[in-house]
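> Input: one structure, supplied below.
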Amino acid sequence: MHPELIKAQIRMKGTTPTAIAEALGVSRTAVRLVINGVIRSTRIRAAIVDATGMTERTLWPSQPPSGLRRKRSCHAAQGAAA
């Protein structure tokens, strides 16, 4: 997704990239660089995913996921192996 669309999604949910940066205790530049796909921070990406309600794959489709996907529970994994 284009960085401007990510920022728009963040704003439409009632927050800003600056507010995300302040909540995480990181610089605005760090959040901007993650939004633009220049750097990858699992913690910042997770905050953006939470803020937008969108998936990481939707926000950054051309980049591999950073591990934000939920892991299957042991019970589900056992059921799949049977």
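> Considering only protein heavy atoms, with the full assembly of protein chains and a 1.4 angstrom probe, order Met1, Met54, Met12 by accessible area, largest first.
On the way: Met1 65, Met54 40, Met12 135 Å².
Output order, biggest surface exposure first: Met12, Met1, Met54.
> Shifting gears a bit: Starting from 0 in steps of 10 Å, tell me what percent of the Cα-Cα pairs of region 3-55 lands in each bin.
Each 10 Å bin holds this share of Cα pairs: 28, 65, 6.
> For Ser62, Ser41, what's the largest-to-smallest order of accessible area, 1.4 Å probe? Mind showing how you got there, number by number?
Details: Ser62 110, Ser41 30 Å².
Descending order: Ser62, Ser41.
> How far apart, in nm, are the 7 Å Cα→Cβ label points at Ser41 and Met12?
About 2.5 nm, to one decimal.
> Leaving out ligands, DNA and RNA but keeping every protein chain, what accessible area does Ile6 have, in Å² rounded to the nearest 10, with a 1.4 Å probe?
Approximately 0 Å² of Ile6 is accessible to the 1.4 Å probe.
The values are calculated or read from the model by the stated rules, or taken from the named source; none is laboratory data. Just so it is clear, the model here is predicted, and its values are computed rather than measured. All Cβ positions, even for glycine, are placed from backbone atoms using ideal geometry, and neighbour counts span all protein chains on display. Note: areas computed on protein heavy atoms with side chains; ligands, DNA, RNA excluded. Shrake-Rupley method; radii C 1.70, N 1.55, O 1.52, S 1.80 Å.
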